[in-house]
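The values are calculated or read from the model by the stated rules, or taken from the named source; none is laboratory data. Keep in mind that what you see is a predicted model, and the values were worked out from it rather than measured. Cβ coordinates were reconstructed from backbone atoms using ideal geometry, including for glycine residues, and neighbour counts include every protein chain displayed.
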Amino acid sequence: MYSFEGNFRSLPQVSLGGRSKEEKYNKASLLHKAQVERLKRENARKELRSTILLQSTVRSFLVRKKVKQEFRELFDQMRGSNFDHNKLGYVIRQLCFFFDRKTDPERLVWLCQNILKSSNVDWQKVCSSHLMSQVMVLCCRYLLSNTSTSAAIPLRMLETQMKKFLATESDENLKLKHSSYIWRRIIRDGNFFLCLLEVFKKKVPLDIEAPSGVNNRNPQLALAASLLDIMKQPLIFAKHLIESQQKSHFDKFTDNEKIQQSQTIDFILGHFCSDFLCNTMTHQIYSYILPMLSRSLDFPVNPLLSFVERNINMKNNLRKNIHFLSSLILLVKPSFDSISNKSAFLAIIQWLVPTIPRCGNVGSSMHDIDDSSDEDEDEEMEVAGCEWDIPQSQLANDCLEFLTSSDFIKYFVKQEVAESQVITTFCEISFHLIAKMRIPVHTNRFLYTLAFSPNFLKHLWTSIIHSRSKTRNSMMSLSSIRALLDGCHMTEASMHDLVIRLVTFSSMLSHNLLSLHDVDFYAGPSSSHGLFPMDEIIRITTTLRDVCLCCVKIILPETRTHLLDYDVREVYHCLSTGKLLRFAAPPVLGNRPLDVTTAALCFKVCSRLLNQLHTRHTRRAFAKDDIWLSSAITIGDDRSKYLSSNWRRRKLRNENIAAHMADPSDEDLPITITEARQLSVLTNLPFVVPFQTRVQIFTTMLSQDRQSRESNRDVLLHDAGFNDTSTVIRVTVRRDFLYEDAFNDLSEHNAPDLRRVLRVAFVNQAGASEAGYGEGVTREFLQQIVRTAFDPKRGLFQLVGESGLYPNPYASRLFENYQQHFRFLGRLLGKILYEGMQVELPFAAFFLSKLLRHKNSDVDINHLQSLDPDFYRNLMFLRSYEGDVANLDLDFTVVDDRFGETSVTELIPNGRNISVTNDNRVRYIHLLANYKLNVQMRAACDAFREGLSAVVPIEWLRMFDHREFQTLLSGAEASIDVMDMKNNAVFSGGYTSDHGVVQLFWEVLSEFTEADKRKLLLFVTSCSRPPLLGFKEMHPPFCIHNGGEADRLPTSSTCLNLLRLPQYDTAEQMKEKLLYCLNSESGFELS
């Protein structure tokens, strides 16, 4: 375009900078460019340095190789018959310079031969201690890498020249200094102990054994003796250093020299432990080396133990394994009395005892930890890698035998245990044996010695109560028990210390209580066998109660911030059955104060002890009943119904569905955290829940079970085309032969399931069928058959004094099929419970305890008092008899008087010829009590329990102790609440709650004494005690029926809980008529 300025075209705009202003002045790009260029220069310099270093390394290697070859050739030239031994120093320096373990072993052997031949050479002039120590190092390396060749010359070199060279210095200070230097060099650079161990493996036979005689120190093989002597040299030198420190002239050494000597001692002992004792145990070490070292007077046992104790928690080469523990035991076992620092040895045992593995024949029984035989194994035993290695199972057995040996018990366990460190040590050992190895207390002498040590138990409990711990967040110091119960997050060390003490204390005291008589238990410290006073027992009880509930919360947390790797149903199953929780991998715990497995273990042992204490309390209360209750777990009325339903269905889930006609919805039963908690407590610690709540749960389960069976059964049978009448058990009984007909018609063959509906028809004395049918007649039948069957005159049960009913030990003489009779009686009692009825049967306390046992029905001697108080007192007198029991002319037999026939039964084999003495009288007492309580009536009790469990699951009944079970069966010893009866009564025959006769009745009943009220209740319901949950739970309800004109007497129908009350005009007339009927004891004539 033409320009008006005269330019016919525009000139181009050219930037002389070559880039835009924005790019030119960008600070970030300039810095990046400078950084890249700087890195390039730095990499170039590194490449140059690496190249120079690599080239110099290669050149130096080639030069050294060439020079070594030249010296090697020169060395070979000097090897000849005319070798001058004065040139040994020069030859030694040459060999030390060019020695290679692959090409020069023969040259080393030649040198060692010439050194051994030069006996007259002055070594101080020929070579220095540095060169000689280097030769010894080469010998050790030769032995370590050439075990297949001859080792005689290097061994001879180490054996002779080592002693000779160490004795060349005349000055004591100089000698110790040079010897320390040589030994440190030989042990460190030559792997001294490892090379000797390797030679022992390859050169010494596996079956070598140490000589049996104490004074006979000669070994079976010269090579073994030579190796042992060489191995002892550094240990002897270490002992020499220790002895020099104890001498008077030790003060002449400087501080640096003293420190150097102490470091040398630790250096030698440290390598001896790490290279030898911690190494895999071989047959040669086990059978020869360690036994011979333990007999040696030069072996430093006490310094070795002190060294190991100082280095337990330090980072060093000491390996924590079973081999180290076994080696120390073999070294210490023969010289218990020479151990000066026993606390050091106990600390070492505490540190190493967790390394003892669990094997098949160790802790096979799990009475104290796992009553059920758990199929899971903690860990598999490590299989011996070589033929010369000792199996770990053998080492584990040896360690356990050592812990149970009489010497260990004498010198360590039966000493003063008041020191906190000793208590901690014993707790660590006990915890591993009980929790990890699952060894029952009664099978291990170490454990049961501690269990029967009152001093240890008292100090252990004191340490638990007064232990302090720090929290993870604030590091505040507070009571460990309180921190656990409050959910504070303690440090791992504090939590571990508290748990091992709780587990140990609970296990030990639990085992102690098994053999502690009630007399000694309640006497406390005033008795020679007593432990704690009653106030301390109460403190133990409340503490363990809270700890158990806390463990349940930890195992089953309400809110889970992390996904835990376990099923809630599996956890509940383990807690309810007593099995230990085991996981393939530890669950993610978040901020919980204690891991699940440890909490489950703590819960198991603490709950067992708590149950034992509660059993003592039920026999003889040592505190108020409310100490067992806890506000930490509450089950409301609405929750109890839901819990009852799920527990009942869960119980039936594993049973025969066809037999029980269970609900099809039972196929998959989810369980919540809250439900699992409550069920775990009810199955393990039911006494922490109020009795009324448990009764509500029990009655609800029975009611739901009855309703479920009736409704579901009818539907299923109708759909299958069966007549619904087949679901009812129909029997016809003669009143004169009530028991006989019932035993036949309700046998297991004719009525396998007594939970079905029962309908009874009576036949009178004339042979005619009586009118009446339905639930009322059934209840009358059950009441009458119970009174007839359990009547002592029948011979199946006995009633002696105030002991209560219990199976007749001699029932087998009266009934050939007595076990079937007791099984029938058990089913009958179960039917009474299942139908929600109450009968006044005063059973003996020991018999009810036998029914509620978990496995077998056996009980201990403490229950004998409820069977025969006089016999129990006589046995206790015999136990404390201060004279000579042999003068009483007792033997291990018992005399039975069976219906006039006298028989003698031996308590033990050949008991007739074994006299009772002061030494065996305790065994005699327990055997006699066991015979009276268990042996005589075991078959009867087992049959009765089997029949009872066929109707009502024993698991449900275990919610109650024997006192509560009696209350559940017969009603509570509580006063009758007239207002409660009035509010829940019903009326018929024209009567209403506002009727004048009814109002008059309540007025008269309020004026009755408590005894008369009970007589009235017995008259109407056949039970003098009110229902446990009040008259609202009475079925059928208490009913007042119009009894006609005033000239008649009141009558009742106990099968319907019905009172026929005539229309009396005045209160005086009604009271007179009622009292006449109640005091006449007429029974069913007025019914």
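If you go through segment 491-513 one residue at a time, do you hit one that is without any contact (Cβ under 8 Å) to a residue 40 or more places away in the chain, crowded, with 19+ Cβ neighbours inside 10 Å, in a helix (DSSP H, G or I) and not basic (K, R)?
Start the filter on segment 491-513 by keeping residues that are without any contact (Cβ under 8 Å) to a residue 40 or more places away in the chain, which leaves 491-494, 496, 498.
Then drop every residue that is not crowded, with 19+ Cβ neighbours inside 10 Å, which leaves 494, 498.
Going one step further and asking which of them are in a helix (DSSP H, G or I), we end up with 494, 498.
Next cut, not basic (K, R) only: 494, 498.
Checked against the condition, which is being without any contact (Cβ under 8 Å) to a residue 40 or more places away in the chain, crowded, with 19+ Cβ neighbours inside 10 Å, in a helix (DSSP H, G or I) and not basic (K, R), segment 491-513 yields at least one hit.
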**Request:** Just give me the residues in segment 283-315 being assigned to a loop (DSSP other than H, G, I, E, B) and closer than 23 Å to Q350 by Cα, in sequence order.
**Result:** P300, N311, I312, N313, M314, K315
**Request:** Restricting attention to segment 479-511, report how many residues are over 17 Å from F431 (Cα atoms), modelled with pLDDT of 80 or more and among the hydrophobic types (A, V, I, L, M, F, W, C).
**Result:** 4
**Fill in**
When segment 723-745 is checked residue by residue, the ones that are at pLDDT below 90, touching a Leu at 6+ places or on another chain (Cβ under 9 Å) and either surrounded by 13 or more Cβ atoms within 10 Å (Cβ to Cβ) or in a helix (DSSP H, G or I) (or both) are D724, S726, T727, I729, R730, V731
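Do we have L305 as more than 22 Å from Q392 (Cα to Cα), surrounded by 22 or more Cβ atoms within 10 Å (Cβ to Cβ) and without any contact (Cβ under 8 Å) to a residue 60 or more places away in the chain here?
Values: more than 22 Å from Q392 (Cα to Cα): yes; surrounded by 22 or more Cβ atoms within 10 Å (Cβ to Cβ): yes; without any contact (Cβ under 8 Å) to a residue 60 or more places away in the chain: yes.
Taking the combined requirement at face value, the residue satisfies it.
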**Request:** State yes or no: is Q284 without any contact (Cβ under 8 Å) to a residue 12 or more places away in the chain and not acidic (D, E)?
**Result:** no
**Asked** Can you tell me how many residues in segment 599-629 are in contact (Cβ under 8 Å) with a residue 24 or more places away in the chain, surrounded by fewer than 19 Cβ atoms within 10 Å (Cβ to Cβ) and not in a helix (DSSP H, G or I)?
**Response** 4
**Asked** Can you find even one residue in segment 472-487 that is β-branched (V, I, T), surrounded by fewer than 22 Cβ atoms within 10 Å (Cβ to Cβ), under 23 Å from the mean Cα position of the chain (by Cα) and over 17 Å from R616 (Cα atoms)?
**Response** yes
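When the residues of segment 255-273 are narrowed to those that are hydrophobic (A, V, I, L, M, F, W, C) and crowded, with 20+ Cβ neighbours inside 10 Å, which ends up nearest to L304 (Cα to Cα)? Quick ask: steps written out before the conclusion?
First pass over segment 255-273, keeping only residues hydrophobic (A, V, I, L, M, F, W, C): 259, 265, 267-269, 272-273.
Add one more test, that the residue is crowded, with 20+ Cβ neighbours inside 10 Å, and what stays is 265, 268-269, 272-273.
Numbers: I265: 10, I268: 10, L269: 6, F272: 9, C273: 9 Å.
Going through the qualifying residues, I end up with L269.
Out of L841, L848, L829, report the one residue that is assigned to a helix (DSSP H, G or I) and either under 13 Å from G947 (Cβ atoms) or at pLDDT below 90 (or both). If you could, list the steps in order and put the result at the bottom.
Numbers: L841 fails: assigned to a helix (DSSP H, G or I); L848 fails: either under 13 Å from G947 (Cβ atoms) or at pLDDT below 90 (or both).
Only one candidate passes the filter, namely L829.
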**Asked** Within the bounds of segment 330-341, is there any residue that is at pLDDT 85 or above and out of contact with any Phe, Trp or Tyr (no Cβ under 9 Å at 6 or more places or on another chain)?
**Response** no
**Message:** Please verify whether I908 is in contact with a Phe, Trp or Tyr (Cβ under 6 Å, 6 or more places away or on another chain) and surrounded by fewer than 16 Cβ atoms within 10 Å (Cβ to Cβ), treating the condition exactly as stated.
**Reply:** yes
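Going residue by residue through segment 305-312, is there one that turns out to be among the small types (G, A, S) and under 26 Å from P391 (Cα atoms)? Give the steps one after another, and end with the answer.
Pass one, segment 305-312, residues among the small types (G, A, S): 306.
Cutting the leftovers down to under 26 Å from P391 (Cα atoms) gives us none.
No, segment 305-312 has no match at all.
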**Prompt:** Does segment 37-59 contain any residue that is closer than 26 Å to L131 by Cβ and surrounded by 10 or more Cβ atoms within 10 Å (Cβ to Cβ)?
**Reply:** no
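So which of L669, L610, L601, L594 is within 23 Å of V952 (Cβ to Cβ) and either in contact with a Leu (Cβ under 7 Å, 6 or more places away or on another chain) or modelled with pLDDT under 80 (or both)?
On the way: L610 fails: within 23 Å of V952 (Cβ to Cβ); L601 fails: within 23 Å of V952 (Cβ to Cβ); L594 fails: within 23 Å of V952 (Cβ to Cβ).
Selected residue: L669, the only one of L669, L610, L601, L594 that is within 23 Å of V952 (Cβ to Cβ) and either in contact with a Leu (Cβ under 7 Å, 6 or more places away or on another chain) or modelled with pLDDT under 80 (or both).
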